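Trainee: For reference, the structure I am asking about is given below.
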Amino acid sequence: MSLAPVLFISHGAPTFALEPGVLGPNLGRIGAQLEGIRAVLVVSPHWQAPGLRVMTAEQPATLHDFGGFPEPLYQLQYPAPGAPDVARETADILRAAGLTVSEDATRPYDHGAWVPLRFLLPDANVPVFQLAMPADLDTVGALALGRALRPLRERGVLVVGSGSLTHNLYEVRRTADTVPYAAAFAEWATRSVLARDEEALVDYRRVAPDGARAHPTEEHYLPLLVAMGASHDDDTPSLVPGGMTYGVLSMDSYAWGLA
């Protein structure tokens with residue numbers, strides 16, 4: 001694989017690990033195509049720090065960073081090896097782009113990483129590392145961060161932005177009925193991604209239908225822009241269908257540069 005692809009994955013609720021739904025099998029089909037991947041970099045909203053911080057652990061633990069869920073969820077492990085050498089390469093690439101980066105040798109995998117990777121790479125045999133999202137990151141900065149990560153793809157590193165296409169936890173419901181505004185936002189996002197309309201995606205709170213309602217806070221939206229930034233103009237974007245869970249959590253995801 002000459003240029004590793006890029007993914008944005010909606011990781012939904014932690015229960016996704018036990019309930020694969022529509023997205024789980026679709027991720028598995030993508031994972032089966034990922035021959036020759038050297039490592040996976042995950043940017044997740046569940047690791048935020050005062051600045052950029054790269055995981056350099058040799059064998060990161062599996063962090064169950066949630067509460068009140070079924071006990072079997074807390075027994076799950078994702079024992080993928082870390083990628084400290086690739087992580088340090090990443091830090092060097094980001095520093096060359098003028099960014100300040102620190103290292104963290106003790107950070108475990110948060111559920112924004114290990115839950116979707118259970119479906120994408122179930123054998124846990126590809127090295128994985130994470131990059132913390134700066135706590136003050138905004139949409140413009142997220143797109144720029146993704147662009148700074150582009151050189152990793154030439155080195156066989158799969159860049160994954162893990163977030164949620166819609167993420168209003170105040171409106172989560174147990175029924176299967178989809179709330180219309182969440183569906184409308186997801187449809188708008190898909191049109192914008194497939195059209196490579198970066199300007200609209202950056203300015204989503206002004207131009208998207210119910211942008212602020214779909215994302216009362218931005219941290220689960222920003223990984224989409226990191227992934228978009230890591231893609232090239234000639235990468236063909238594609239929708240990875242995921243359906244809707246809990247009425248308002250779209251699991252739709254995207255890929256760039258898949259063969």
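None of the figures in this text is laboratory data; all of them are computed from the coordinates on show. Because the structure is a prediction, the values reported are computed rather than measured. Note that each Cβ is placed from the backbone with ideal geometry, even for glycine, and that neighbours are counted across all protein chains shown.
Trainee: Please check: in the Gaussian network model of the chain (C-alpha springs, under 10 Å), which one of ALA49, ALA83, ALA183 has the largest mean-square fluctuation.
Mentor: Evaluated over the chain, the most mobile residue of the options is ALA49.
Trainee: With no solvent and one equal point scatterer placed on each C-alpha of segment 162-259, evaluate the Debye formula and give log10 I(q)/I(0) for q = 0.14, 0.15 Å⁻¹, two decimals.
Mentor: -0.47, -0.54
Trainee: A further question follows. Could you check the simple spin-label distance between LEU3 and VAL140, using points 7 Å along Cα→Cβ, in nm with one decimal?
Mentor: 2.7
Trainee: While we're here: Viscosity 1.306 mPa s, temperature 10 °C: what is the translational diffusion coefficient of the chain from Stokes-Einstein with a Kirkwood Rh over Cα pairs, rounded to a whole number of µm²/s? If you can, show how the numbers build up before the last one.
Mentor: Details: Rh = 18.0 Å.
The diffusion coefficient I find is 88 µm²/s.
Trainee: Still on this structure, please answer the following. Classify segment 37-137 as rounded, prolate or oblate, taking a ≥ b ≥ c as the square roots of the eigenvalues of its Cα gyration tensor: rounded when a/c is under 1.5, otherwise prolate if a/b is larger than b/c and oblate if not.
Mentor: On the way: a/c = 2.35, a/b = 1.48, b/c = 1.59.
In terms of gyration-tensor shape, oblate.
Trainee: Still on this structure, I have one more. Running a GNM on the chain with Cα contacts under 10 Å, which residue among PRO20, PRO237, PRO50 ends up with the highest mean-square fluctuation?
Mentor: Between PRO20, PRO237, PRO50, it is PRO50 that shows the largest mean-square fluctuation.
Trainee: Only Cα pairs under 8 Å and at least 6 apart count here; give the relative contact order of the chain as a rounded whole percent.
Mentor: Working: 575 pairs, mean separation 83.4, N = 259.
About 32 percent, as a whole number.
Trainee: OK, next. Please compute the Cα-Cα pair-distance distribution of segment 43-97 with 10 Å bins starting at 0, giving whole percents from short to long.
Mentor: Reading upward from the zero bin: 19, 41, 28, 10, 1.
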